[in-house]
Amino acid sequence: MNLLYSNDKRGHYPDSWYAATANPLERFEPLKGAAKADVCVVGGGYTGLSAALHLAKAGRDVVLLEAQRAGFGASGRNGGQLGTGQRVAQDSLEKMVGADGAQRLWDLGLDAVSLTKHLITEHKIDCHLKPGVAWTASDKGDLAHLHDYAEFLQNRYGYDRIETLDHVALQSVCPSPDYVGGILDMGAAHLHPLNYALGLARAARDAGVRIYEGSAVHNIDEGSPAKVQTDAGHVMADHVILGCNGYLGGLNRKVAARVMPINNFIAATEPLGERIKDVLPRDVAVADSRFVVNYFRLSHDGRLLFGGGESYGYKFPKDIAAKVRKPMSVIFPQLKDVKIDYAWGGTLGITMKRLPYLARVAPNILSASGYSGHGVGTATHAGALMAQAVQGESDGFNVMSALPSQPFPGGPAMRNPLLVLAMSWYSIRDRLGL
């Protein structure tokens, strides 16, 4: 199954609220015939667009190949949350890589947020960037853990932009009967993800990147130069950057063994009007502490954008709205009958340890993917780190590529059934409050 086309029309964005409110970008023509470049970037999401933009600004000749449209994949469909740190908590990272390694990863995580905000400002990207992400707990055990973690970040890392919320304080942020408290990170932020991606594409184009849409890559002949082949042409390039994430397919077996595509779903309600005060009286994004995370925020036109629902096959369900409405009604029973105007799915990439997988898969081929739901800032930063590595400045890339990684067990035939078993178990634990 080719995930590039199995759930979506060729050359079209999904029928999402993001696509309906996007700042349109003129379609780029497909690659036809032969081309040469210093660097060929494969993938037009945050990773590829950031890499291409940074390389072009450094004077490199860059071609970017996108199978569908710029921002078509997870970059244009996600929950829009720009989180601090890494996907894995800092206390867990200290156990994995030691105190010094965890400090370096924390600093890189802050760099990712700063870079994203800087690019939005520098290139005047209209993506409704707003501060604040809350993490919520549904039981006292999870709440104690969140509060301990906030104190840990304050004391160990000197992070002073996070605050603890007891039940009363959380109700002023998110009055859900399901939540008993949480933490609020005002250094994090939320945004319109597709408009952010399209803004990066405009900036890359204006910097001289040659962008080709409708140009799926089906083979890469390694060598110096490498040959990147599409159906209608090819690019000869000194360096290749892979930014394909959940849509990599079989393009590189080493990456595919460690990055698994999974689907996630989001719904946009009708504008809530006065009901906003009963849902999110403060305009911050929210994610809860369940293993199968629910995440949500307000749109700039007053809708609730709610992400949730489980799906273990690669075909999207026929009724995405019903799938998302189920967890949304648990968090906000007062919205059980609210009209849903848009509902869509998307494919992201996860890794075994929920840490991004950056690798030099050949002497002149770099790859970054597997952001595991933490991709808005991390993917943007990974693209910049690969751009630096192409130019011989590999420190940041080397730190990220040294993160522990392992292939999913069972190979291609078994890894999805094993994921189904694992996700089903954690879903049951969420429902039982274990």
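Things worth noting here:
- Estimated inter-spin distance, D206 and N398, nm [label 7 Å along Cα→Cβ]: 3.6 nm
- Here the label points at D91 and K318, each 7 Å from Cα along the C-beta direction, are separated by 4.6 nm in the simple model.
- A simple charge model with +1 on the Cβ of Lys and Arg, -1 on the Cβ of Asp and Glu and nothing else charged puts the dipole of segment 29-188 at about 740 debye relative to its Cα centre.
- For segment 1-98, the list of GluC sites (Glu not before Pro) that fall in a loop by DSSP and count at most 15 other C-beta atoms within 10 angstrom reads E26.
- Antiparallel %, DSSP beta bridges [both residues in the chain], to 5: 65 percent
- Working from Cα pairs under 8 Å separated by at least six residues, relative contact order for segment 140-181 is 37 percent.
- Cross-link reach is defined here as a Cα-Cα straight distance under 17 Å, omitting same-chain residues fewer than 8 places apart; for K32 the lysines meeting it are K227.
- Choice from D185, D111, D166 showing the highest fluctuation, given a GNM over the chain with Cα pairs closer than 10 Å: D166
- Carbon + sulfur, % of accessible area of the chain - ligands and nucleic acids excluded, 1.4 Å: 51 percent
- Residue among G375, G59, G199 with the largest mean-square fluctuation in a Gaussian network model of the chain, springs linking Cα atoms under 10 Å: G59
- Taking V255, V293, V63 as the candidate residues, the one with maximal mean-square fluctuation in a Gaussian network model of the chain, Cα springs under 10 Å, is V293.
- Estimated FRET transfer efficiency when R0 is 51 angstrom, pair A169-R253 (beta carbons, to 0.05): 0.55
- Note on K318: aspartates and glutamates with a C-alpha under 16 Å away, same-chain residues under 8 apart excluded, are D8, D15, E310, D341.
- Relative contact order (%) - the chain, alpha-carbon pairs under 8 angstrom, separation at least six: 24 percent
- Spatial separation of Cα centroids for segment 97-137 and segment 148-172, in angstrom: 17 Å
- Gained length - S329 relative to D301, 0.36 nm times residue gap less alpha-carbon distance: 8.0 nm
- Lysines whose Cα lies under 24 Å from that of K117, excluding same-chain neighbours fewer than 8 positions away: K57, K130
- Spin-label model distance (nm) - E151 vs T121, 7 Å beyond Cα toward Cβ: 3.4 nm
- Gyration tensor (alpha-carbon) shape descriptor, segment 105-172, a/c threshold 1.5: oblate
- Virtual paramagnetic centre 7 Å along Cα→Cβ of K339, amide N under 17 Å, in segment 1-36: 17
- Accessible surface ranking that places the most exposed of R10, R258 first, with a 1.4 angstrom probe: R10, R258
- The residues of the chain expose, per residue, 41 Å² of accessible area to a 1.4 Å probe.
- Shape call, segment 1-104: gyration tensor on alpha carbons, a/c limit 1.5: oblate
The values are calculated or read from the model by the stated rules, or taken from the named source; none is laboratory data. Owing to the predicted nature of the structure, the values given are computational and were not obtained by experimental measurement. We place every Cβ from the backbone using ideal geometry, glycine too, and count neighbours over all the protein chains shown. Heads up: the accessible areas ignore ligands, DNA and RNA and are worked out on the full protein's heavy atoms, side chains in. Shrake-Rupley method; radii C 1.70, N 1.55, O 1.52, S 1.80 Å.
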